[in-house]
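Supplied in structure tokens, the structure appears directly below.
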């Protein structure tokens, strides 16, 4: 990340969450905490701005990790041809999290290099009106978060899992200090080269959760030219 960075934070809670592990196949299982790209998406749901780069730094787990079996009838385009011809759906099974709460943290700064050439014209005009896009983003983000405004409703992994709360970090929300584990491999990003780039999956190895805090590894982080 180039230029001056600014820290942003927020809290999100929900009855159900699903941070899908790609290696769990047709019956997906959730990671215990949101992925790097999921955290980035939640911040962008409050205020989306392609003229800035949001880099998630850590997640604080503020509720016990509780898994739950989730079943729904799927009627989308990934059904088998025979099932689609019959107009039928199939039962989709997943292992989700329930009664979740997280505090999310990230750094924001202006983008530069080739990524800047991919942003929309309106974003480029906005970028040209301020000498510090990162600072401007933080100020607008905090105002919107305080008022409960958002670009689109944040969700906890899957769109059907809306939040019971999203907003500023609450002092009464405490970190679950007894949670300690190592995630051997964790999805990082699907579009690792920034706005307007092609799909390019990246993974972080041996991601640690220590005393309820998961810090995203800095080494191996995708570089925006």
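Could you give the distance between the Cα centres of segment 60-94 and segment 5-22, to the whole Å?
Distance between centres, Cα-based: 21 Å.
Oh, and also: Taking 8 Å as the Cα distance limit and 6 or more residues as the minimum spacing, I'd like the relative contact order of segment 6-174 as a percentage.
Relative contact order of segment 6-174: 41 percent.
Would you calculate the separation in nanometres between label points at residue 86 and residue 185, each defined as 7 Å from the Cα along the Cα-to-beta-carbon direction?
3.5
Along the Cα→Cβ direction, 7 angstrom out, place labels at residue 98 and residue 153. What is the inter-label distance in nm?
Rounded to a tenth, the inter-label distance reads 2.1 nm.
Continuing with this model, one more query. Once you sort the root eigenvalues of the Cα gyration tensor of segment 6-174 as a ≥ b ≥ c, which label holds: rounded (a/c under 1.5), prolate (a/b larger than b/c) or oblate (the other case)?
The shape class here is oblate.
All of the numbers you see were taken from the coordinates with simple rules; none came from a lab. The structure displayed is predicted, hence computed values, not measured ones. Positions of Cβ are backbone-derived with ideal geometry, glycine not excepted, and every protein chain shown enters the neighbour counts.
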